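A.B. asks: Below is one structure. I have some questions about it.
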Amino acid sequence: MKPRRVVVTGLSAITPLGNDIGSSWEALLAGKSGIGRITQFDSTAFATHIAGEVRDFDPSAYIAPRQCQKMDRFSQLAVCACKQMMQDAGYSVEETEAWRTGVVLGVGLGGLRTIEEFHTKLVNAGPGRVSPFFIPMLISNMAPAQVAISTGARGVNLVLTSACTSSLHAIGYAYDQILLGRADAMITGGSEATITAMGISGFTSMKALCTDNQDHPELASRPFDATRSGFVMGEGAGMMLLEDLEHARRRNAKIYAEVIGFGASDDAFHMVAPLETGEGMAQCMKNALDDAGIAPEMIDYVSAHGTSTHANDAAETKALHHVFGDHAGKLAITAVKSQIGHLLGASGGVAAVFAALSLSTGMVPGTINLRNPDPECDLNYLPDGSMRLDPVHAIVNSYGFGGTNGSLVLKRYTAQ
């Protein structure tokens, strides 16, 4: 039996740059920023007043209003992104294929907004005011559950929660399910919505968030820049449909890219800080390249984790040097968080969606706000903006608290 090949046949993104993949991709290539002043709560008393919000988001365009009331924002984003993605893929889950179509999503924190809302009601009005939907709304696995309910997908249904690596890990797990013959199609990616008072205050207390450039929020997220001072919180969802190649061919699906490798590792070092040497990140990339069966020199493009924190960006640069050696200087490297902020558990999923588009279109986005290059970050992060590079192989990196690492290798699709 021929080994299975896994291809990407549907994409969607709801981001601070736009409420669909078309507007998000156009704004990304144009070098626009989706960072602005927080509108979802009064941030006056906070050290930071900025975030990458999804503006003018109307879930009722895809979800019945009564159903919306039973869903936290992260689940609403997931379902809306899924429906956009399924439309893009031209795929509907027929009864004959339902058991062979699964959903695996990444969510980092889940229903933080719901916890805040009902805790306030509990304190102010007593336990009788806590909704019977409180628990089902906040639990992270409700994102893939609601996606399954909305699509009829009856195969494996999981949420992976591994901090900011959640959705890239989810894509890797979904990829494995198809390779192992356990599914023919997988809805995967991630969703996150934690721009709340508790979310912002918690990360601010850790000294993780950028607190400067409050009057110029578009300049706040600046990965690999010498003046970087912390990440900017973002929210959104990124989804893709993975299919067995023969399954995709039978329905004459358009194909954006091929998934050829996945790797994971852990620093086993610290709760929130990466190994300064980048050793864990490097091993993760090596694992993904080994899984793909390609040499490091075959990678053209890297979608970096690039958080705009000093420790992460420096460690990731060291890891890239370690893995790619002399080839590191030839890589085109993008940090999309410079434009959309850090979407936490959804960040890897959105980055993977954009990387698949780069392979399909040949266009690679740049990294904005890189005006003062850090000597510790001495690679080509495309500070001059997007350009046509026609990459053949790309690697997407995603790293999270607890030292958890994920890397995904994508290839421009060819029929051979």
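The values are calculated or read from the model by the stated rules, or taken from the named source; none is laboratory data. Keep in mind the model is a prediction, meaning the values are calculated, not measured. Because the Cβ atoms are built from the backbone with ideal geometry, glycine has one as well, and the counts that use them run over all protein chains shown.
A.B. asks: If you take the residues in region 15-46 that are of a type in the set (A, V, I, L, M) and modelled with pLDDT of 95 or more, which one is farthest from residue 351 (Cα to Cα)?
C.D. replies: The initial filter retains those residues of region 15-46 that are of a type in the set (A, V, I, L, M), namely 17, 21, 27-30, 35, 38, 45.
With modelled with pLDDT of 95 or more added as a condition, the list becomes 17, 21, 27-30, 35, 38.
Numbers: 17: 13, 21: 12, 27: 14, 28: 11, 29: 13, 30: 16, 35: 17, 38: 23 Å.
Filtering region 15-46 for residues that are of a type in the set (A, V, I, L, M) and modelled with pLDDT of 95 or more, the one farthest from residue 351 (Cα to Cα) comes out as 38.
A.B. asks: For the list (1) part of a strand (DSSP E or B); (2) under 18 Å from the mean Cα position of the chain (by Cα), I need the number of the one condition that residue 285 fails.
C.D. replies: Of everything listed in (1) part of a strand (DSSP E or B); (2) under 18 Å from the mean Cα position of the chain (by Cα), residue 285 misses just condition (1).
A.B. asks: Using beta carbons and a limit of 8 Å, which pairs, at least six apart or on different chains, have the first residue in region 92-104 and under 20 Å from residue 173 (Cα atoms) and the second one among the aromatic types (Phe, Trp, Tyr)?
C.D. replies: Once the first residue is under 20 Å from residue 173 (Cα atoms) and sits in region 92-104, its partners that are among the aromatic types (Phe, Trp, Tyr) give 104/173.
A.B. asks: Which is of a type outside the set (Val, Ile, Thr), in contact with a helix residue (DSSP H, G or I) (Cβ under 8 Å, 6 or more places away or on another chain) and either surrounded by fewer than 24 Cβ atoms within 10 Å (Cβ to Cβ) or farther than 23 Å from residue 174 by Cβ (or both), of 328, 351, 332? Quick ask: steps written out before the conclusion?
C.D. replies: On the way: 351 fails: either surrounded by fewer than 24 Cβ atoms within 10 Å (Cβ to Cβ) or farther than 23 Å from residue 174 by Cβ (or both); 332 fails: in contact with a helix residue (DSSP H, G or I) (Cβ under 8 Å, 6 or more places away or on another chain).
None of the other options fit; the residue is 328.
A.B. asks: In addition: If the Cβ limit is 6 Å and pairs must be 6+ apart or interchain, which residue in region 329-344 that is under 14 Å from residue 303 (Cβ atoms) and touching a residue at least 60 places away in the same chain (Cβ under 8 Å) pairs with which residue that is assigned to a helix (DSSP H, G or I) and among the small types (Gly, Ala, Ser)?
C.D. replies: 336/351
A.B. asks: Looking only at region 31-50, which residues are farther than 15 Å from residue 14 by Cβ, under 20 Å from the mean Cα position of the chain (by Cα) and among the small types (Gly, Ala, Ser)?
C.D. replies: Matches in region 31-50: 31, 33, 36.
A.B. asks: OK, next. Of the conditions (1) more than 21 Å from the chain's Cα centre (by Cα); (2) surrounded by 24 or more Cβ atoms within 10 Å (Cβ to Cβ), residue 407 clears all except one; give me its number.
C.D. replies: Single failed check for residue 407: (1).
A.B. asks: Also: Would you kindly identify the helices (runs of 4 or more DSSP H) lying entirely within region 120-179 that contain at least 3 residues that are under 20 Å from the mean Cα position of the chain (by Cα) and crowded, with 18+ Cβ neighbours inside 10 Å? If you could, list the steps in order and put the result at the bottom.
C.D. replies: Details: elements: 134-138, 142-151, 166-179.
Result: 142-151, 166-179.
A.B. asks: If the Cβ limit is 9 Å and pairs must be 6+ apart or interchain, which residue in region 1-20 that is closer than 30 Å to residue 56 by Cα pairs with which residue that is basic (Lys, Arg) and assigned to a strand (DSSP E or B)?
C.D. replies: Qualifying pairs under 9 Å: none.
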